[in-house]
Amino acid sequence: MKMLFRQRITFDFRHWEVTGDWLGWNCRIMDGSACVAVITKRLWKLTDTCGIDVVNPDDVPGTLMVVLAINAVKCSQRQ
C-alpha cells in the first residue's frame, strides 16, 4: 500500500511489516511492535549499498531475503 511520503509492505513471511521513506531508501522491518531490522541507504557510493542492522542474529537470513525482495521490486519499477 502506498501512502503519502511513506510506503508500507506486508510480507506473508513471519508476518513482518516493512515501512520506509518515500524514496524507499530507509526501511524498518517490524514484527508487531518489535523492531527486527533497520535498513539504511548508504549515499555517495558508486554502487547500490545499504547498511542492515538486525536486532536478533537468528533473523539475519530472513532479513536478507526481505532486502533482496525490496531491491527486486525497486529494480523492476525502474524499467
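Just so you know, all these numbers are worked out from the coordinates, no wet-lab data involved. Since we're looking at a predicted model, the values are computed, not measured. Methodologically, a virtual Cβ is constructed for each residue, glycine included, from the backbone with ideal geometry; neighbour enumeration extends over all protein chains shown.
How far apart, in nanometres, would the label points at residue 50 and residue 30 be if each is projected 7 angstrom from Cα along the Cα-to-Cβ direction?
1.8
Can you tell me the length gained on complete extension of the stretch residue 72 to residue 41, counting 0.36 nm per residue apart and subtracting the Cα distance?
9.6 nm
List 65, 30 from most exposed to least, where exposure is judged by having the fewest other Cβ atoms within 10 Å.
Going from sparsest to densest Cβ surroundings: 65, 30.
In terms of modelled amide H atoms, which long-range or inter-chain residues lie less than 5 Å from the amide H of residue 16?
11
Between residue 11 and residue 65, what is the label-point separation in nm under the 7 Å Cα-to-beta-carbon projection?
Going from the residue 65 label point to the residue 11 one covers 0.7 nm.
Output wanted: per-residue J couplings in Hz (rounded whole) for segment 53-58, from phi through Karplus 6.51 cos²θ - 1.76 cosθ + 1.60, θ = phi - 60°, x for Gly and Pro.
10, 9, 5, 10, x, 5
Could you put 25, 44 in order, starting from the residue whose Cβ has the fewest other Cβ atoms within 10 Å?
Fewest to most other Cβ atoms nearby, the residues stand as 44, 25.
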